[in-house]
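Below you'll find the structure, written out as structure tokens, and then a few comments.
The values are calculated or read from the model by the stated rules, or taken from the named source; none is laboratory data. Please read all numbers here as calculations on a predicted model, not as lab measurements. Quick reminder, even Gly has a Cβ in these numbers, built from the backbone with ideal geometry, and neighbours come from all protein chains shown.
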Amino acid sequence: MDEIRSNKIKEIEEIRKLGVNPYPYAFDVKDKISQIRERFNNLTNGQKDESASLSIAGRVMAVRYQGKSIFFVVQDSTGQIQGYLNVSVGTDKFEFFKDHIKVGDFVGIKGFPFRSHTGELTVFAADYQLLSKAIRTLPEKWHGLTDKEKIYRQRYVDMTVNRESFNRFKSRYEIIRMIREFMNDEGFIEVETPILQFVTGGATARPFITHLNALDIDMYLKIAHELYLKRYIVGGFDAVYEIGKCFRNEGIDYKHNPEFTMIECYRAYVDYNYMMDLTERLVSYVIEKVNGTTKIEYQGKPVDFSRPWKRVKMRDYIKDHLGVDILEDPDDKMIKILKDHDALPEIMERGHYIEKLWDLVEDTITNPTFLLEHPVEISPLAKRHREDPRVTERFEVIVLGNELANAFSELNDPVDQRERFEAQAALRNSGDKEAQMMDFDFLRAIEYGMPPTGGLGIGIDRLVMFATNAATIKDVIAFPLIKPENFDKSGMEIEE
RNA sequence: GGGCCAUUAGCUCAGCUGGUAGAGCAACUGACUCUUAAUCAGUAGGCCGCAGGUUCGAAUCCUGUAUGGCCCA
């Protein structure tokens, strides 16, 4: 416990002795700061509007004492405004403010607006109330909080003092609301699926393992929404979507967080062509809503989300860039190219060669591009292409070398699906921990019959990164995964 | 996984070839009735990330380690 905090705690006792509750229960907030700024923008220097009775609340971000008057800055969720207080509030209240209202505290202000001689729109505090006393000091106003580690560990401070961070999270949740509205208007119903699963699938990824005490059995955290959403389609839902967390026990870097948010949607009686159209409309809608245009700049690079997006076939793209045909050339040729690029996969299987070959060329794509028709062996849940059974009716959306979306005409042939699962199981048995698990219940479900269905998944975090020009996924996840600061041997966190 | 960088007061940072740890802001005391990085005078605040080593002496040099960042795979 440092000196500043122990002094503040003593001060709180003094405040209580003065008969003031440092932590009262509520305040009747009637106005938002941004609205006050708009409403009284026409006040001229020195002009006041005593007829307007304002009531605001927020955090004190600066205080400037000026003898028998005090200027201060209040911040609410919409912005900041200057407050002004002088002895007209009453001697006791004036002295109390001077002695005990400090940067970081929350206050409620009742008063009227005026514009100072120097042109600052200000709320004259006819009365005020302390709403919460802080015992830690905020970072200084000039440099703010810049230490990345502190920004992630103490996001509440980052949000408070770095308003661009606060606004980025506001945008994130506006985007999620937009997506919901868009999907609802499109006729989808929002549903839920289990996070705790005995068998998990729908993606090529390593899951988290947890333990269910009640049954004394290990379980997985979901890696995708897919297989349960398709069960809804089997059960008769026409169109469903879910926005929720998925968990993958893999690396952490600027584009991966172990838990992340994904929207997946499934619609009966459509194929991947519908999903391409839907993806284009949804993503360009979000980008335009947030930025006012579909031609944005991401981290200094121009990206054009305007429709229609380019379409390329995976086979053609790799052939054009690396001179190898992923459908017809033998494994040896692929291995040689991978060796030349020092990019051999850990698991020596054809599917992994193809993935690695794609990794070598994906960075050459900048504008949103539909990557089409992935080979069957890397797409165990996608339906075979109607014209070429070696590939699937699948697409990914690639933006600046990053996968933003993944979709296909869903495989609903239960015999083919069983064979695909068996191929995955064989990979799993040979040590591929990311290969998909055999899901007998899912097979049983589609054996009862699943209509032709189109499915789509979009990474919400990635989309928000593009929409808000965020450099890393940690900037769009409010509380990203970061190693704990201090743990003792029992695993309990120690305070500072 | 590899490389580079950072870690010093609540925050942002100085601290040179090794010689008793500094500033600004914040905090605390006081002055000031239109300030806005307010100003002015004063006070207090440090396990120099952690552990070893070299040395008469280490924030500084060396080794290891932790955490974070950036780049590469």
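Okay, here's what the table says:
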quantity	calculated
Selection status of A:F106, more than 6 Å from RNA strand B (Cβ to nearest atom), under 29 Å from the mean Cα position of the chain (by Cα) and in the same structural domain as A:P24 (by TED's automatic domain parsing)	yes
Any hit, the stretch A:385-402, residues being buried (at least 19 other Cβ atoms within 10 Å of the Cβ), aliphatic (A, V, I, L, M), more than 23 Å from A:R248 (Cα to Cα) and touching a residue at least 24 places away in the same chain (Cβ under 8 Å)	yes
So A:I101, is it farther than 22 Å from A:Q35 by Cα and either in the same structural domain as A:R39 (by TED's automatic domain parsing) or aromatic (F, W, Y) (or both)	yes
Test: A:E11 is under 13 Å from A:F112 (Cα atoms) and either in a helix (DSSP H, G or I) or within 16 Å of RNA strand B (Cβ to nearest atom) (or both)	no
Cβ pairs under 6 Å, 6+ apart, first in the stretch A:40-60 and more than 23 Å from A:H117 (Cβ to Cβ), second more than 12 Å from RNA strand B (Cβ to nearest atom) and of a type in the set (G, A, S)	A:A57/A:G108
Leading residue by the ranking (farthest from RNA strand B (Cβ to nearest atom)) among those in the stretch A:110-150 that are in a strand (DSSP E or B) and under 34 Å from the mean Cα position of the chain (by Cα)	A:L131
Hey, A:L85 modelled with pLDDT of 95 or more, part of a strand (DSSP E or B) and within 11 Å of RNA strand B (Cβ to nearest atom) or not	yes
Considering residues of the stretch A:458-496 that are part of a loop (DSSP other than H, G, I, E, B) and β-branched (V, I, T) only, the residue modelled with the lowest pLDDT	A:I494
Complete set of residues in the stretch A:42-90 that are under 23 Å from A:F106 (Cβ atoms) and basic (K, R)	A:R59, A:R64
When residues of the stretch A:356-377 are limited to those that are at pLDDT below 95 and touching a helix residue (DSSP H, G or I) at 6+ places or on another chain (Cβ under 6 Å), the one nearest to A:R418 (Cα to Cα)	A:E377
Test: A:D76 is more than 8 Å from RNA strand B (Cβ to nearest atom), touching a residue at least 24 places away in the same chain (Cβ under 8 Å), over 27 Å from A:T44 (Cα atoms) and within 31 Å of the chain's Cα centre (by Cα)	no
Within the stretch A:15-28, considering residues that are in contact (Cβ under 8 Å) with a residue 12 or more places away in the chain and within 16 Å of RNA strand B (Cβ to nearest atom), the one surrounded by the fewest Cβ atoms within 10 Å (Cβ to Cβ)	A:L18
Sole exception among (1) over 15 Å from A:A134 (Cα atoms); (2) among the β-branched types (V, I, T); (3) touching a helix residue (DSSP H, G or I) at 6+ places or on another chain (Cβ under 6 Å) for A:V89, by number	(3)
Search result, residues across the stretch A:235-267 that are away from RNA strand B (no atom under 16 Å from the Cβ) and under 14 Å from the mean Cα position of the chain (by Cα)	A:I243, A:G244, A:K245, A:C246, A:F247, A:T261, A:M262, A:I263
Any hit, the stretch A:133-151, residues being touching a Lys or Arg at 6+ places or on another chain (Cβ under 8 Å), surrounded by fewer than 17 Cβ atoms within 10 Å (Cβ to Cβ) and over 29 Å from A:K474 (Cβ atoms)	no
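Table: residues versus (1) surrounded by fewer than 19 Cβ atoms within 10 Å (Cβ to Cβ); (2) in the same structural domain as A:L427 (by TED's automatic domain parsing); (3) within 16 Å of RNA strand B (Cβ to nearest atom).
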| residue | (1), (2), (3) |
| --- | --- |
| A:P302 | yes, yes, no |
| A:F305 | no, yes, no |
| A:I318 | no, no, no |
| A:V324 | no, no, no |
| A:I335 | yes, no, yes |
| A:L338 | no, no, yes |
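Residue by residue, here is whether (1) over 26 Å from A:M438 (Cα atoms); (2) in contact with an Asp or Glu (Cβ under 9 Å, 6 or more places away or on another chain); (3) crowded, with 20+ Cβ neighbours inside 10 Å holds:
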residue	(1), (2), (3)
A:P207	no, no, yes
A:I223	no, no, yes
A:I233	no, yes, yes
A:F237	no, no, no
A:G244	no, yes, no
A:I263	no, yes, yes
A:V286	yes, no, yes
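Yes/no per residue for (1) at pLDDT below 95; (2) assigned to a strand (DSSP E or B); (3) within 13 Å of RNA strand B (Cβ to nearest atom):
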residue	(1), (2), (3)
A:R5	yes, no, yes
A:K30	no, no, no
A:I36	no, no, no
A:T44	no, no, yes
A:R64	no, yes, yes
A:F72	no, yes, yes
